[in-house]
Every structure is written in C-alpha cells, then in structure tokens.
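Colleague: One structure coming up, written as structure tokens, with questions to follow.
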Amino acid sequence: PPQRGARSAGGAGVQWVPRVMDGASRILEHSLSRGSRVIANYALVPFHDPDIGPVTLTSDPAVFQRELRELYVQGGGDCPEMSLGAIKAAVEVANPGSFIYVFSDARDYHKKDEVLQLLQLKQSQVVFVLTGDCGDRTHPGYLAYEEIAASSSGQVFHLDKQQVTEVLKWVESAIQASKVHLLSTDHEEGGEHTWKIPFDPSLKEVTISLSGLGAFAGRILQRDDGLNVLLSIPDSAKVVAFKPEHPGLWSIKVYSSGRHSVRITGISNIDFRAGFSTQPSLDLNHTIEWPLQGVPISLVINSTGLRVPGRLDSVELSHSSGSGRSLLTLPTQPLSNGSTHQLWGGPPFHSPQERFYLKVKGKDHEGNPLLRVSGVSYRGVTPGAPLVSMPPRIHGYLHQPLQISCSVHSALPFRLQLRRDGARLGEERRFRDSGNSSWEIPRASKAEEGTYECTAVSRAGTGRARTRIVVTDPPPQLVPVPNVTVSPGETAILSCLVLSEAPYNLTWVRDWRVLSASTGRVTQLADLSLEIKNTTPSDGGRYQCMASNSNGVTRASVWLLVREAPQRFSQGMEVRVHCSASGYPAPRISWSREGRALQEDIRVDAQGTLIIQGVAPEDAGSYSCQAANEIGRDEETVTLYYTDTPSVSAVNGVVLAAEGEEAVLACVATGVPPPRVIWYRGDLEMILASEDSISGMLRIPVVRERDAGIYTCRAVNELGDATAEIRLEVGHGAIRLGDPPTLGDDVTVELGRSALLACRATGRPPPTITWRRGDDQPLGPGLGSRTGWPDSGVLFFESVVPEDQAPYVCEAENVFGKVQAEAYLLVTGHVPPQIASSAPTVRVLERQPPVSLPCIVLAGRPRPERRWLKAGVPLPPGSRHSVRADGSLHLDQVLLEDAGRYSCVVSNTAGSHHRDVQLVVQVPPRIQPTATHRITNEGVPASLPCVASGVPTPTITWTKETNALASGDPHYNVSKDGTLVIPCPCILPPTAKPRILVNGSHEAEKPLRVTAKAGDEVTLDCEAQGSPPPLVTWTKDSRPMLPITDRHHLLLPGSLRLAQAQVSDSGLYECTASNPAGSATQYYILRVQVPPQVQPGPRVLKVLVGEAVDLNCVAEGSPEPRVTWSKDGVALRGEGPDGSVHFAAIQTSHAGTYRCEASSSAGVDAWELDLRVLEPPHWGADETSGLLERIAGENASLPCPARGEPGPWVGWAGEKTHPHSRALGRSLWAVPMGMEGCGVPTIPPSMKPPSGTQWVPARVASSGFGPRWPECLLCTWTVFSWRGGVWVFGGQVAAYGKTGRS
C-alpha cells in the first residue's frame, strides 16, 4: 500500500490551534502503534497572509510534533489568506496518495487551477475543516474549497472551534493505508438520495461521510446492524462506519435539507490506479496522470489485490456532479505484459469537456460484483509544447568521450534534433512520449567547443534548450594501487600513482578530514606518499588521495590493513590454528580468509581447528573464525606471517670511489622477518648506526687510498645468517687532457676531401672519449675513428660534405668527472647549380603516349637537390607524376587538368636555379549528343544546338544531307556557340510514305504474336523507311511509351527492346512511323509466361488410421498450371478441388508415395510426399478358446496375436498374489517386469518389489483399472490391485507401439 500523509494548517485561530497540536499527537501515536506503517512522512505547512511556510517535511514523528508545537498565531481576522498556496506547497512535497487536512477560518481562491492539476498528478485527498466562512459561502474562495474537495474525494466540514477535537478523533481513525473509494457525489439542493452499491467480500469496513448545510440523517436499509458513529456535528457533518458481513448489492439512502456532499469509502486490498497515454502502452510508468484534450488517448488500469480469475469488465466515465450521469463507457481487456490480471486497457477515446470520475466495474475471483471509484476527478488538459532541458554548460576533456544529453517532457509524440550553429548533427530522432536522448563525441577536441541547441517539435509546438560545451585538459588521473598490510608497530607507506602533464596538488583524506603534511606519526613524504610510523590497529581503514588542478579533482582509495595476533610459519610445515566457542545452542564454527571462502587445500576439522598442510608464502594473511547460532554470532581474526631464512647479495661486487669523496657499499638482504645487516672489514666488525643496519648500506664519508680492500656484509635474523663480499677500489679524480694542435682551432678542408679531428685524455680509471656536434645535430653514420691509431678519440671524415661544416666537441669522462674541448670544421669549394636550356613549351594530345619534361643539371657542387613545382606549388606525393633518374618529370597518360606551367628548381648550399616549361594539352573536338528529332511548325524559327568541346576551341560547320551550308545563306544562321538557327522553316514536299519492315519483309496486316519467358530479353522489330525519314513512336495498350526507361530502350531505326521481361509487360504493342507523307502501323501481342512452381510441403506425413486427411498442392505460374496427382507412379482420378486429394477415413492401403505435378506451356514442376499410415496396437483373431490344458511335463504354446503399425512390442505376465503391510487406498500400481519379446511371465518372488522395479501410482477409473501408464516402449507392465488386504495380480498384458497401447 502507498505510504502517505501530509497536513497543512494555518490562519487565525488562537483557540483551536492547541487542539490541532494535541490531535496531531494522538494521530501519530495511533498510526505508530499499528503493525503496518501507514504514514511514511509528515508535512506541516503553516500559512498566514501574506506568507507561506516554512515547510516542514520529515519522516521522524518527533520532529513533526516539535515543529507543530512551535506554531503560533499571527494576525487574524482578515479572512483572505494564502490557503491555496499552502495546499499547493503541501501537495508538491507529499507522496502520491496522501491525506491533506486544511484547518482554517478563511477562504482563498488564488492558484485553484494549479492545485487541481497537482491533485490529479498526486492522487491525493483534501479535507477542509473550517471554523468560519467569513459570512459568505458564495464567495469565490469558498467555492474554490468546495471544488477542490469535490475533485479529490474530500469534503468541507463547518464546525465551531470547540468541535475541532471531535474532527481530529475522526481523522485519527480515517487515515488508512488500504482506503478505497466507492462513491463521491455533491448536491446543490437538499432532498433524499438512494444509491445501490455492490459490496465485495474484500471490504472489511465501509465509511459513509456527509457534510453540508441543514439537518440530515443517514441510515442503511436492510443492513443496519453494527453502525458506528465516528463524527456527528449538528447542521455540519456526520460520519458513520460499519462492517458488512454479507457481500452483495446494498442500498444506501441519505436525507438532507440543504446543499451537501456524500463520500463512501472502504478498507480493502483491491484497488486500481489509472494512467493516460496518447499511444497504447503496456507500462504504467509510460503514462501520464491526466487526460489530454483534443487528441485520442488510451486508458491503462493497474489493478492491485485482484486474484485470478477475477477480472475488470468496463470503465465508466461519470459526471462529477450530483447526478453522476454516465459520459462514456469503455470495455476493458487484460494487457499482455507478463503481470497476469494486473494491467487492463480500453480503446482510445476523446476526453469529455466536463470533469469526470473513473468508475471501474468487474468481478472478483469468486464471481462477486466489484466496484471502485477513482479518488480524484479528472478533466482534460490541453497539451503544451515540449519542455526541453539541457545543462547550461557541459565540461568535456580532451581526447576523451563527451556526451551531450537532452531531456524532453512531452505528452505528445515529438521529433528531436541536435544542432550546432544552425547546422544539423546526426539524424532526427522520434519519441512517443517524454524521454532522454544523448549524442556522443568519441574523442573531444577544442573543435567541438561552442553552443549546441536541442529542438523538440510536436503537434502542440516547439521547445528548445541550449548548452555550451567547454573542452579542457583532463584532471589528473589516479592509477589504482594495491592495498597495504602491515603488522602493529611497523611503518606503512601509502602511495598514489598520478598521471598528469600539468602541475597538480596531492592531499590525503581520512574520515572526511584532510591529513596535514606532518601530524606526529603521520607524515607526507617528498614524493607525496603518506608514511604512518608505529602503526596501531586504529590506523587501519580507508585512506583517500585527492589529486587536483585547475581542470578538476580525482579521488582514489587505498586501504590500510593492520594485522592482529600474528603467528609465524615457514614454508612446508603444517599450521594448526585452534578456535573454540561456547553458547547455547552450540554455535557452528566456520573460517574465512580476508572475507573470502577458504581454498580447497585448507580444511577445518570437527573441533573447528584450521589446518594448513605444506604451507606456502601465499598462505600468509588474516583468517577469521566465525561462531554463530540462532541467537547471534561472534568473530575473531588471527594473522599468519610467513618466515624465511635470510639471504644477502652485493649490489655491486666492485665499488670504485674517488679519493676524498664518499664511498657507498650496498647489500640487499632478504628474509622474513627482515634481517639485520652487520659489516666486517677482514675479521673486524664495523660499528654502524641503527638505520644503516636496516638499510644494508655502508657509507665512508671521506675515502682514502688505505680504505681499499675486501668488505663483508652479514644478514642475520632469528632463523640464521648469510654473507656477501664487496671489493672497494679508490681512484683519482683528476683528468689530464692532451693538447693536440687541432683542438680549439678552426680546421679548413675542401669539399669532397678527407679530414680528421684528434682528442687525447688520461685518467684513473681511463676516461671514455666521445664526440658530438656543437649545434646539437647528430653525427653522420660514417663518422668515427677509422684509422689504425692505438688510441680512440679520433673523428675521421672520409669525404667532407657541406653539412659537415659545424663545431665539434670532444668529451672525456670517467666516474669522477668530465672535461671537453671544441674545434670548428670549415668546408670550402662550393659551386652553384646550373640547368641546361630546353623548349619553353611542350604540346601533347590528351590521353596520348607519355610525355617527359626535361631538367638536366650542368653544374653544382655539392650535388644540387632537384624538385618540381606546378604553378608555384610543389607536386603532391602519390600523384600521377614521377621524376626519373635524369631529373625529367614523366607523365604516363596526360589529362586536360595536367596542363599548366611547370618549374624545375635545383639548389645546394651555394645557391639555386630554376627553369619553366609550359605544358599545353590539346583535346580533339567532341560533340555532345542531343535529340535526334525536332518538330516545329512551318514559319516558326527553329534552333538546332551543337554543343562542342575541345582544346583549342573547335570550329563548327553544318551540313544538310551531305551538303555544307554556306555561311552567307539567308535561310540559315549559325550562332557563336554553334547553334543552327532556321528563321523560317518551310515544308518540303514529301517524296515517300513511311513503310515498316519486320524481319526484312513488309508490315503484317494482323498483329504478330510473340511469346517469351519471364526474365528473357525481347526485341519487337519495327524498321521504318520513308522520305523524309519517319518518326517512330510506340504505345502499349493504347498508352504512349517513353523512348528510354530502366528496362525499355528504342533501337535505331525504330525497334523496341525489353530487358528482363516481366508478366506486367504482356499486352498489345503498336509501332507507328509517320512523316508528312503519311504513316504506317505494326501491331504485336506480347505474352510473357512464368514457369509453374509448386509450393513444397513436408517430405513425410504420418497419420493414424481412420483419420480424415487432405493432401493439398498449391502451384503458381502464368498461364495458370494444371495440377495432377499420382500414387506410386499411377495417375489418380477424381482429385478434390484446387488440386487436393481427400481421404474421409484413411486406411493402411492408402500408404505410399504421392506426386503432385503442375504443368503449363511454360514448363513443369513437381513435389513428392511419402504418406505413412500408423495403426495402434490391437488383438488379432484368437485361435484358442482362452483355456489351454496340458499334461505336466509337456510343452505349452500361448499365442499372443498383437497387431499394429509399426509392429508393437509384446510382453507376458502371470498371476500371483502379493501381500502388503499397509493400506494405500484405492490406488493402482504398475510394475515394469520384463523386457522385449514373449517369454515366461516374471512374478516378484517376495513381498517386497525386486531391486530396480519402479512403482507408479495411478487412480482407479470408474469403469475399472485405468492407470496413466509411464512412457515405455521396450518394457511390459504387470497390474496389481488391492483386494481384501493383499495385492492381487490382475493378469493384464500391455502391448506397446509408437502410436498407442492396449
């Protein structure tokens, strides 16, 4: 049931406000004392002119009572108050289905329409308790109260301030979680009214509430026992309740002397909720709470508490006035959405103009009439334009996905489009109702920044929303790091790996508090890691590192686990951890490891001891022992530590140190627990600081030559020790450089000759000499020491090039330092480039043989670099141009767009030179094809276009019948674009009437018949002759045909070609050739045929003997094919209609292979069917009398004439009694006894069924034994029955086949 509850109170009333406070306290106590939570939250909305609030919304009853008791009276006596504004605030914060009670002595009518629409949405009830009406009950404010109460199934109660307590007692009992509405009516005049209302058994209590002017009384006819008066205020209100003991149709009569309202409610778990939708819907969440005006709407009813086979039959839209007349009745039917008997729907309808209630009628699961009425009245709402919303600003990050979201609220279907600067983005999307949509940019960049607009268009209008996208660098990224586990007293280092190219800040947070850089045991190190010294169990928990910069903040969590009660073990041993627990009932003990189940190789014995055999280092960790029984649970945790013997190794076996500087000797020691490192020189132990014994490092601050020698590091822990040796050598820090004359001077060398630069240095250890260029350019691949000199440091140039001119630096370095010297290499002998002369213009024909543009270099030192330009722009890579070894530019096939100015540019360090070549591409003349026939009237000027192209521009001349037209002929004129203009065309006398040749002969008098198959190509000949040449036109079925279509093409001089003929091409074709001398006509009748095609059916059909069977054969084709049947190669006569074969009662003789064949002049098609007739098992003729007598010792043969198709399996069983120890009622048991074949019947030898037998119960039918046999094709069953306290064998034999049994 919905959890609901809200109140608004206010106005001037010093006397009754304390009573409201006390009554509210009782209501809270009463609702809290119930088993189910009726009230989910509490809302208090005080109001006084001109203020509303503050609004209190809480689920804590104590907070609500405290706020209520702090109310005080301010002002008063001015009648107009902000009561409707307070009601609106209460409805907005309250849950759907709430009870809203208004205590006031004033009236107000502002925001009435908003409140009515909100009540439709929230389905809440408003009751007014008025201690005054300002003396005018015709005031719009008072009428607004009545309209709100009538629309929400609430009422208006008038009473004195002394009667507030009585009303609150009624409110205390009226708040029910399962309240349903049965009647809601308002009457403007007094009188007697009677209603007949069906009460179903689910109604536990019925309440009748009356309010209005004048004295009235109510009584229940025929069922007046158990009437309980809940509220009785003379001349104002009366509320009575009773519990109907008998379901059925009840009559309720009410008397009133004046204007009044009646509400009838009940307590029941059967109710409904309604939703409206412009489209059929199977989900109530996709509907709205109010109908739309002017458009077809569908109604969805969600019924609750209705059990199968209960149903809803109809929904009636009844007028909300006192008459309650029916406006519309809609039938209902269940909706298939997987929730049986919950969702019901009706046909689309248009909402009435009047306000109406929904009256749902049906029957419950026992067939009793069912009636429920909506809690609020409805009125159609005019749909508005879509409401579109987008965040004002969307922040994206570079190279990361960016999502643009748009939310639309609309009661009508709408179209949605995203735009940027007016341009559409993506396809238009369509929605049935409100929804969200998003567009994703896979990799955001600065180019995506800007303003985006989301536009939704419906029949009601257009809605828009805009957002601005800003793309910045992403905030720092944090890489997840593993959790840290330490023992008490150890130091823990928590680290966060930050990925960010921009500067960032890193802070640590625990329990939502920022940890300072140094707080005693907790310190942030230089690398921003967090160090926690001397850890205690309280240090364990979650720590957060926050990396932030101007682009945002990123958080990551690191867990610190502090072990407790450690236990140590070595690899390979067996570990036992005992766990004992006490309690009643005796607790159950279980183990887990760090919150996860134990692995398979770890077991727990019956006493709860954890046993780990062959323990390995990965078994270390925290293990928890849990003890639990029905009362509670307890847990203890133990930590296992792995221990290992120490090992030690030298970081460097030989350490070289400069005299006078610090020498550091380092050893890496491992072991569990971590070992202590002791240093020795020879046999003498060296005294070190405690931190050095842990780090494994020996430092000699100022090393001397006498300190050289062998040093030993020894690692020791509780399991043993290990040693390693390091040799210390002391060197000299001074480096003596030689002074060859080349260093520090410029070296001049001619281009192409060899050169060398020498550099010598000494030191201990001997230094390494390297060369590099002073301009930070890399050294060439061929540079280096190539001579046979014994020492390195010589830089040799085999053939100097201009690029070798640069400063060169020699560096000599050993472990103690580095020195350098510099020399400059100067290259001479440069020659600027020169290109040989060539033709300035090259002319070629388009698409003719290849062409090469020469570019021969005559001089240049160093070798110049060559490149080609076209119109001053470098040729793009991958084009059709190629540069050959001699430097010429080659084109395999010249196109018109290749024409232009080409430049060959050669350059080296001494200068550059270029030469231009003009490439002219000539194109032969081409005439663009136009219409071959032109018709004009005599005397009307005619223009015959001649569109020609070519390079250079071609000259156009015209001829008539092989005779060239003279340029000065006054009858003709040729324009600049080549068009022939005939100023005054005249008709020449015809010389020959048209005639048509078909296949070389004259036209036929009768239409020629042409037959073709679908898909073939067809040509209809029509060779027209005449003078002047006639114009040929075609018609099909008297309709003109276009000269060229997708499948029709007119050939010269007039034939018609049809590609891929279709059935629709069949018809009468007419070819007409005409000129001024007359016309000629040829007719064709084309018939396009489609070969027959039989619709295939099953290959095998199995039917039972005696059934009616139809074999249908469906064939298609043009012309319509003839269908025939045959069986086993023999034709059948007298087939059924439409090519079917009918068997009224099929027999086994009808089995065989049937063939359906469809034939026509276009071809033949067939389909074959194997018909198999199945026959259930039955008995053949019995050759014996049922009694067979034989002398003892003789053979006896018992016949079993079982028949059937396919052949049945046959089994035998004998007769035998079988005692049983208990009565099983009138049940029949079948026991599988033997296997396939006929043999000696097998009877269980003892009282108990033999091993492996299956007992299957079956009820005894009225006509005898009628078990439901289990599926069994290869076994026989023996039948027993319970008679006189023993099991008696019935002597029945069961024979089974695939189609039945007997």
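The values are calculated or read from the model by the stated rules, or taken from the named source; none is laboratory data. Please read all numbers here as calculations on a predicted model, not as lab measurements. Cβ placement follows ideal geometry from the backbone for every residue including glycine, while neighbour counts extend to all protein chains displayed. Protein only, heavy atoms only, side chains kept; ligands, DNA and RNA dropped before computing areas. Shrake-Rupley method; radii C 1.70, N 1.55, O 1.52, S 1.80 Å.
Colleague: Holding the Cα-Cα limit at 31 Å, pick out from Lys238/Lys361; Lys976/Lys1036; Lys112/Lys243; Lys112/Lys204; Lys112/Lys253; Lys870/Lys976 the pairs that are longer than that.
Modeller: Long pairs (Cα-Cα over 31 Å): Lys976/Lys1036; Lys112/Lys243; Lys112/Lys204; Lys112/Lys253; Lys870/Lys976.
Colleague: Roughly speaking, what is the stretch gain from Arg69 to Thr382, that is 0.36 nm per residue apart minus the C-alpha to C-alpha distance, in nm to one decimal?
Modeller: 108.4 nm
Colleague: Would you work out if the range 565-720 is rounded, prolate or oblate? Take a ≥ b ≥ c from the square roots of the eigenvalues of the alpha-carbon gyration tensor; rounded if a/c is under 1.5, else prolate when a/b is larger than b/c, oblate otherwise. Provide the component values of the computation, followed by the final result.
Modeller: Values: a/c = 4.42, a/b = 3.69, b/c = 1.20.
Prolate shape, in that a/c is at least 1.5 and a/b is the bigger ratio.
Colleague: If you don't mind, another one. Which of the GluC sites (Glu not before Pro) across the range 404-484 are loop residues per DSSP, with 15 or fewer other Cβ within 10 Å? Walk me through the numbers on the way to the answer.
Modeller: Numbers: sites: Glu427, Glu428, Glu440, Glu448, Glu449, Glu453; in loops: Glu449.
Answer in residue order: Glu449.
Colleague: Within the range 498-533, list the chymotrypsin sites (Phe, Trp or Tyr not before Pro) lying in a DSSP loop whose Cβ has at most 14 other Cβ atoms in a 10 Å radius.
Modeller: Working: sites: Tyr504, Trp508, Trp512; in loops: Tyr504, Trp512.
Here the chymotrypsin sites (Phe, Trp or Tyr not before Pro) that fit, given the DSSP loop and packing criteria, are Trp512.
Colleague: A further question on this structure: Please list the non-local residues whose amide H lies under 5 Å from the amide H of Leu1104, H modeled 1.01 Å from N, same-chain partners needing a gap of 5 or more.
Modeller: Amide H to amide H, under 5 Å and 5 or more residues apart or across chains, Leu1104 pairs with Leu1174.
Colleague: Once the piece of chain linking Ser321 and Ser232 is laid out straight, how much longer is it, given 0.36 nm per residue of separation minus the C-alpha distance between them?
Modeller: Value of the extension gain: 29.5 nm.
Colleague: Keeping all protein chains in place, calculate the accessible area per residue for the range 443-545 (probe 1.4 angstrom), answer in Å².
Modeller: The answer is 55 Å² per residue.
Colleague: How far is it, in nm, from the label point at Ser251 to the one at Val873 when both lie 7 Å from their Cα along the line to the Cβ?
Modeller: So the two model labels end up 10.1 nm from each other.
Colleague: Which percent of the accessible area of the range 283-323 is formed by carbon and sulfur heavy atoms (probe 1.4 angstrom)?
Modeller: 50
Colleague: Would you please give the residues with an amide H less than 5 Å from that of Asn814, counting only those at least 5 places away or on a separate chain, with H modeled from the backbone geometry?
Modeller: Thr768
Colleague: Still on this structure, please answer the following. Using only the Cα atoms of the range 347-400, build the gyration tensor, take square roots of its eigenvalues as a ≥ b ≥ c, and label the shape rounded, prolate or oblate: rounded if a/c is under 1.5, else prolate if a/b is larger than b/c, else oblate.
Modeller: Prolate is the answer for the range 347-400, as a/c is 1.5 or above and a/b outweighs b/c.
Colleague: Right, next: Just to verify a number: what accessible area does Asp721 come out at with the full protein assembly present, 1.4 Å probe, Å² rounded to tens?
Modeller: Roughly 80 Å² of Asp721 is accessible to a 1.4 Å probe.
Colleague: Compute the distance in nm between two label points, each set 7 Å from the Cα along the Cα-to-Cβ direction, one at Gln353 and one at Thr955.
Modeller: Placing both labels 7 Å beyond Cα along the Cβ direction yields 8.8 nm.
Colleague: Relative to the present Cα-Cα distance, how much length would full extension add between Lys533 and Asp1016 at 0.36 nm per residue of separation?
Modeller: Going from the current span to full extension adds 164.5 nm.
Colleague: Right, something else. What distance in nm lies between label points placed 7 Å from Cα along the C-beta direction at Arg1057 and Ser1038?
Modeller: 3.2
Colleague: Still on this structure: Residue by residue through the range 871-877, which ³J(HN,Hα) values in whole Hz follow from phi under the Karplus form 6.51 cos²θ - 1.76 cosθ + 1.60 (θ = phi - 60°), with glycine and proline marked x?
Modeller: Rounded to whole hertz, the list is 6, x, 10, x, 5, x, x.
Colleague: Efficiency by 1/(1 + (r/R0)^6): what FRET value for Arg773 and Val831, r their Cβ-Cβ distance, R0 = 25 Å, to the nearest 0.05?
Modeller: Using R0 = 25 Å, I get an efficiency of 0.50.
Colleague: While we're looking at this one, here's another question. In what order, largest first, do Leu1008, Leu728 sit by accessible area if the probe radius is 1.4 Å?
Modeller: Largest to smallest exposure gives the sequence Leu1008, Leu728.
Colleague: As a test question: what accessible area, to the nearest 10 Å², does Thr909 have when a 1.4 Å probe is rolled over all protein chains in place?
Modeller: That residue has around 90 Å² of solvent-accessible surface.
Colleague: If you don't mind, there's one more thing I want to ask. Can you compute the FRET efficiency between Arg468 and Val498 using 1/(1 + (r/R0)^6), with r the Cβ-Cβ distance and R0 = 41 Å? Round to the nearest 0.05.
Modeller: Plugging the Cβ-Cβ distance into 1/(1 + (r/R0)^6) gives 0.85.
Colleague: Please list the non-local residues whose amide H lies under 5 Å from the amide H of Gly310, H modeled 1.01 Å from N, same-chain partners needing a gap of 5 or more.
Modeller: His365
Colleague: For a test of the definition: using alpha carbon positions, the gyration tensor, and the 1.5 limit on a/c, classify the range 1104-1173 as rounded, prolate or oblate. It would help to have the intermediate numbers written out before the result.
Modeller: On the way: a/c = 2.71, a/b = 2.03, b/c = 1.33.
Prolate shape, in that a/c is at least 1.5 and a/b is the bigger ratio.
Colleague: Next up: So, R0 is 51 Å and r is the distance between the beta-carbons of Arg1009 and Glu938; what FRET efficiency does that work out to, to 0.05?
Modeller: With a Förster radius of 51 Å, E is 0.80.
Colleague: Per residue, how much accessible area does the range 297-401 show when a 1.4 Å probe rolls over the protein heavy atoms, in square angstrom? Don't skip to the end; give the middle numbers.
Modeller: On the way: 4770 Å² over 105 residues.
Per residue, the range 297-401 has 45 Å² of solvent-accessible surface.
Colleague: Another question, then. His890 accessible area, nearest 10 Å², 1.4 Å probe?
Modeller: In the full protein context, His890 sits at about 20 Å².
Colleague: Through the Karplus equation 6.51 cos²θ - 1.76 cosθ + 1.60, θ set to phi - 60°, convert the phi angles of the range 410-426 into ³J(HN,Hα) values in whole Hz; use x for Gly and Pro.
Modeller: Using θ = phi - 60°, the values come out as 8, 7, 10, x, 8, 10, 10, 9, 9, 10, 9, 6, x, 8, 5, 10, x Hz.
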